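Worksheet: one structure, shown below.
Quick note: the coordinates plus some simple rules give every number you see, no bench work behind them. No experiment lies behind these values; they were computed from the predicted model shown. Please note: Cβ atoms are built from the backbone with ideal geometry, for glycine as well, and neighbour counts cover all protein chains shown.
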Amino acid sequence: MTGKRDQLRFFIVEDIALIALDISRRIEGLGHIVVGTAEYADAALQGILETLPDCVLIDIMLKGEVNGIWVAEEINRVSPRPFAYVTAYSEQGIMEDAKRTKPIAYLVKPIRDNDLRRVIGLLLSE
């Protein structure tokens, strides 16, 4: 993120539309902007590169061939920016792979406003 400001721009990578909508509404309710959402990894990466959000919220398990960890690895490689995982999974192998990508946080579904406030606080304190 470049410089401090009050309103952050988020991109949501989530393959369940109702969950993506819920997270979007929560972010907007906290005074921030959702610049895009995607259900699939390839669409997510394209959307992230087009919108250049301040933070990406990534579900680890996505529809399609690759998962959210791949999205995070690609973000780190081509357009580094803060991201947090959103997950219902806690399998040790998956969590070890996720940890190597250096997320700013892990949010466990169902997401609550306080979870998002914590991520926003981390971003605004950078």
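Points worth noting:
- The chain: angle of helix 113-124 to the longest principal axis, Cα-based, in degrees nearest 10: 70
- The modelled label-to-label distance between LEU21 and LEU52, using points 7 Å beyond Cα along the C-beta direction, is 3.2 nm.
- Taking trypsin sites (Lys or Arg not before Pro) as exposed when DSSP calls them loop and at most 14 other C-beta atoms lie within 10 angstrom, the chain has its longest site-free stretch at 6-99.
- Helix 41-51 axis versus longest C-alpha principal axis of the chain: approximately 20°, rounded to the nearest ten.
- Once the chain from GLU126 to ASP42 is taken as fully extended at 0.36 nm per residue, the excess over their C-alpha distance is 27.4 nm.
- Seen against the Cα atoms of the chain and their longest principal axis, helix 68-78 is set at about 60 degrees.
- Cβ-Cβ FRET estimate between SER79 and ASP6, R0 fixed at 35 Å, reported to 0.05: 0.90
- For the stretch 68-120, the set of GluC sites (Glu not before Pro) satisfying both a DSSP loop assignment and a count of at most 14 other C-beta atoms within 10 Å is given as GLU91.
- Taking other C-beta atoms within 10 angstrom as a stand-in for reagent exposure, SER90, SER24 fall in the order SER90, SER24, fewest first.
- For the chain, the mean residue ellipticity at 222 nm estimated from helices alone is -13000 deg cm²/dmol, where every DSSP H run of n ≥ 4 contributes -39500 (n - 2.57) and the total is divided by all residues, rounded to the nearest 500.
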